[in-house]
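First up is the structure itself, then whatever we jot down about it.
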């Protein structure tokens, strides 16, 4: 069985060099190497649900639902993970029979959907504060660099972009140096790489603007922070959520 710490290796960013790398257990990089036509994945040593979700493009939340997995999404070597929504494999006749057997609760379902819709709208309104004061050295690229690079000075304080919980704090992920990942809700995550020193631990709750690290530099390059925002596990342009300067 994988440990909780390994599971919290949330795979969410690509490499600083622009290659499309994803994170998995034991600090090894992954690529989007699970083809769309593949329907079942067999768990290997070091795999996490987060990594499999990103490698397949489905995201860990969908895989958890499709496979009946609950947090902390513990996987076993050799376990088979469905990469499809089970209902999609039912015959048309079976689907029709299944639907006809359900009691009609149109009004109740409508009210429930409305409530969920309102809750989702609140969650989707996500706003960030700047994690570091500095110039933007590199911008987000949809098919390339999956975050932004912000210039800084050695030891400059990196701050949490929004309120949340630290789900990763360490240096076991290749290409990111000392890295922090914060989960803000079931939709959004932010990542902070290239740090010299980490000031928070896994499981710790942080507020927006709280000091979480000291910026550093990776492989002798210019001092800078690698910052990412992920929505449902997929990279989005951080500048959409940051205030204009």
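Quick notes
- Strands (runs of 3 or more DSSP E) contained in the range 134-245 and holding at least 3 residues modelled with pLDDT of 90 or more and within 26 Å of residue 63 (Cα to Cα): 164-170, 178-183, 188-198, 224-231
- Filter pass, residue 196 being surrounded by fewer than 20 Cβ atoms within 10 Å (Cβ to Cβ) and either touching a residue at least 24 places away in the same chain (Cβ under 8 Å) or outside the structural domain of residue 143 (by TED's automatic domain parsing) (or both): yes
- Neighbours by Cβ (under 9 Å, 6+ apart or cross-chain): first from the range 60-74, on the phi > 0 side of the Ramachandran plot; second not in a loop (DSSP other than H, G, I, E, B): 73/7; 73/49; 73/50; 73/60; 73/63; 73/64
- Counted residues, the range 37-69 - those being touching a strand residue (DSSP E or B) at 6+ places or on another chain (Cβ under 9 Å), surrounded by fewer than 16 Cβ atoms within 10 Å (Cβ to Cβ) and closer than 19 Å to residue 187 by Cβ: 1
The values are calculated or read from the model by the stated rules, or taken from the named source; none is laboratory data. Model, not experiment: these values are computed from the prediction. Note: ideal-geometry Cβ built from the backbone for every residue, glycine included; neighbour counts use all protein chains shown.
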